[in-house]
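The values are calculated or read from the model by the stated rules, or taken from the named source; none is laboratory data. All values derive from a computational prediction rather than experimental measurement. In this analysis, Cβ positions are derived from the backbone assuming ideal geometry, glycine residues included, and neighbour counts consider all displayed protein chains. Quick note on the areas: whole protein, heavy atoms, side chains included, nothing else; ligands and nucleic acids left out. Shrake-Rupley method; radii C 1.70, N 1.55, O 1.52, S 1.80 Å.
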Amino acid sequence: MNRIISLSLVIGLIAVSCSDPNTIGLEVQPTSDNIIISSANFEGLSSATESEDSLRTDEALNLILGSVNDLQFGLNNSGFYTQILLTENNTDLGINPIVDSVVLSYTYSGYYGKLEDFSTISIQKLSNPIYKDSTYYSTFDILNTDLPMDIFESFSLNKSTDQPILKINLKNSIGQQILLLGNEILKDNATFLENFYGLQISAIATNTMLYLNPNGSNSFMKIYYHNDDSGTDTLSLDFKLGGDAARINLFNPKPLSSLNQEEDKVYIHSMAGYKAKISVNNTDSLKAILEGKAINKVTMSFDVPEGSQNEYLAHDKLFLVRVNDLGNNVFLTDYTIEGETHFGGRLEDDKYEFNITRYFYQLLNNDAYTSDLYLLPAGAAVNANRTILDKDIKLIIHYSEL
């Protein structure tokens, strides 16, 4: 009977023998209690970069605006659709309301690349509705078939850490359109959203992705106006951008042809960019080398090459998931049962390391268990990070002799 033993799982098994482990590219460290398997010399461990089709982005906590033109990863653009919501019901605009100015403001919580001014910002009124209770992906196209007018006028970017604000002045015409809806339409958000669907916002920059916080203290839209009764006083009609407002991040497609790949590297990119497929095959050879050994711990690690973060930072954290028999990505039980701290995946000393002991046991003992894994960016819908990894994967098996 073949068995392999895992002491950490209190489960056992013995494997077939292998008289010469070097023939399958496994390096046994005689002075320590571990086996190091490298994809550089073991064909059963491989990786490849794949393009991500799209991401669900309607639940994103922050909005990404801008563009980065990276020589390695190509051009990356991001914009968004958003509703605007009345802050109060039963609005009374008074007699003959006339717009003075319209301001759209966002608190930004961070950025990727460099904090530079945008070359251009473009804002249009949506010609079709979006809904808070619907599911949307980063490739969603609202089909603005009537080519609505750009209502952007000017902007300023406060780069102070005390008041990180993107302030955009809109054309008065959009404010007047809203005021002309009248008190009956502006009485509540349900009625308002049936008549004003929201905004589409995009921007062009050389090297800036802003992370906008729609729930920030300086995130709002205000229409400043006066009426026949206000005299010289300025009134305002206020809108909120967070809370129950529907919001959708939009990312440009990123085919593999846009990626400047090196043969010995794999690539991870947020914003529906790239992911790495990891395959662990030839499990019979792995079983053979583990004869007479009890497995205590198994880790898989990926190295970030020196110099790859000189201009663009790698991800703080990556996820390692497996493909189930339905073709869906699911978390490893090492993560769901043991927790994030045990599982790992954070960037430390230019390396991502994952504890995959439970997965490894299942892989060796369950013939129906998938051998395919994916390395994915954490927060892929809310950050613009990219990571370059050495293609040489390290699988370290810690063991005790029986």
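Identify which of the listed values of Kirkwood radius over Cα pairs in Å was calculated from the structure shown: (1) 24.1; (2) 23.2; (3) 21.4.
(1)
Could you report the chain's accessible area per residue, 1.4 Å probe, as an integer in Å²?
Heavy-atom accessible area per residue stands at 46 Å².
Count of lysine pairs in region 34-186 with Cα atoms under 18 Å apart, counting only pairs 8 or more residues apart in sequence or on different chains?
Lysine pair count for region 34-186: 4.
Ranking request for peptides 96-108, 324-336: highest mean number of other beta-carbon atoms within 10 Å first, then the rest in descending order.
For the peptides 96-108, 324-336, the packing ranking is 96-108, 324-336.
Given the DSSP H assignment, sum -39500 (n - 2.57) over each helix run of at least 4 residues in the chain and divide by its residue total; what's the result at 222 nm in deg cm²/dmol, nearest 500?
So the helix-based figure for the chain works out to -2500 deg cm²/dmol.
Considering the options Ser270, Ile295, Gly307, tell which one lies farthest towards the positive end of the dipole of region 260-310, charges being +1 on Lys and Arg and -1 on Asp and Glu at the Cβ, about the Cα centre.
Toward the positive end, the furthest listed residue is Ile295.
What number comes out for the charge environment of Ile123, summing +1 per Lys or Arg and -1 per Asp or Glu over other residues with Cβ under 10 Å away?
Within the 10 Å Cβ shell, the charges total 0.
Given region 260-393, what count of lysine pairs have C-alpha atoms under 28 Å apart, with each pair 8 or more places apart or on different chains?
25
May I ask you to compute the full-extension gain from Asn227 to Glu338, defined as 0.36 nm times their residue separation minus their alpha-carbon distance, rounded to one decimal in nm?
33.7 nm
For Lys277 and Asp238, FRET efficiency with R0 = 56 Å and r from the beta-carbon atoms, rounded to 0.05?
0.70
Please sort by residue number the trypsin sites (Lys or Arg not before Pro) in region 141-212 whose DSSP state is loop and whose Cβ has at most 14 other Cβ atoms within 10 Å.
Sites meeting the loop and neighbour criteria: Lys159.
Where does the charge balance sit around Asn172 when Lys and Arg score +1, Asp and Glu -1, over other residues with C-beta under 15 Å from its C-beta?
Neighbourhood net charge equals 0.
What net charge is computed for the residues neighbouring Tyr136, neighbours being all others with C-beta under 13 Å from the C-beta of Tyr136, Lys and Arg scored +1, Asp and Glu -1?
-1
Tell me the carbon and sulfur percent of the accessible area for the chain, rounded to whole percent, probe radius 1.4 Å.
46 percent
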